[in-house]
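One structure is given below, encoded as structure tokens.
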Amino acid sequence: MTKNGEYMEAFFGVELYKKFEDVLGDLENIEVDLKDISKEVGRLGGKIDDQDRLETAREMRAATYESAQQVRDVRSFLDFYFTQSQELSQVILERDAYMLLYQIFKWDMNDVRDLRGWIRDFNHVCKTIGYRPEDLLNMNRLTVNPVPEDVVRYPVYAVDKHDYCLCGKNYDDIMHISEIREEMQDKS
């Protein structure tokens, strides 16, 4: 594969906002590891036997090397995706929004929790780039399969293969269709 092809695959092959969150998590882990190494260095200055000192030094060397590798990976990621320009960052986030839309519209109806997660992520990305999610995603026509008429007004936006429903005003509640019907019957 050519270098340009590798860049294209890297660019379109990941959800960048998720990768960015993972990188921030990696930085937090590196911080914790370095603090632990610092404590071990302090312990090496104390009274410990030679064997313990050697073993601790080996562990610290390995942990330091691993932290350096993680820092290199984080730096490479940030350099590749975010140092190019502000316009590129906008394009990356727009691309993520449209990738999430694609996932939402291609939902296999197996588990409504997947759909809820993608919608949350989509709303987050839209908020970040200043888009209105409702301009891009009509929640009333979320899936090809229509929601049963008797629960549509709950509101229910989608039903999976196991009769669990995505519902609620913020599209983040999940209830079984029988629970919704019982609740609607109790209210009437």
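Output the number of the condition that residue 178 fails; it satisfies all remaining conditions of (1) among the hydroxyl-bearing types (Ser, Thr, Tyr); (2) assigned to a loop (DSSP other than H, G, I, E, B); (3) more than 23 Å from residue 106 (Cα to Cα).
The number of the failed condition is (2).
Looking at the stretch 100-135 only, could you name the residues that are aliphatic (A, V, I, L, M) and either at pLDDT 90 or above or under 15 Å from residue 171 (Cβ atoms) (or both)?
100, 101, 104, 109, 112, 115, 119, 125 - these are the residues of the stretch 100-135 that are aliphatic (A, V, I, L, M) and either at pLDDT 90 or above or under 15 Å from residue 171 (Cβ atoms) (or both).
Can you run down the residue pairs with Cβ atoms below 7 Å, 6 or more apart or on separate chains, where the first is in the stretch 167-188 and over 25 Å from residue 120 (Cβ atoms) and the partner is aromatic (Phe, Trp, Tyr) and in a loop (DSSP other than H, G, I, E, B)?
Listed pairs, sorted by first residue: 184/154.
Tell me, which residue of the stretch 156-182 that is surrounded by 13 or more Cβ atoms within 10 Å (Cβ to Cβ) and of a type in the set (D, E, K, R) is nearest to the chain's Cα centre (by Cα)?
For the stretch 156-182, the residue satisfying everything is 172.
Which residue, of 37, 48, 92, 129, is surrounded by 11 or more Cβ atoms within 10 Å (Cβ to Cβ), of a type outside the set (Phe, Trp, Tyr) and over 22 Å from residue 24 (Cα atoms)?
48
The values are calculated or read from the model by the stated rules, or taken from the named source; none is laboratory data. Predicted model only: the values in this text are computed from it and were never measured. We place every Cβ from the backbone using ideal geometry, glycine too, and count neighbours over all the protein chains shown.
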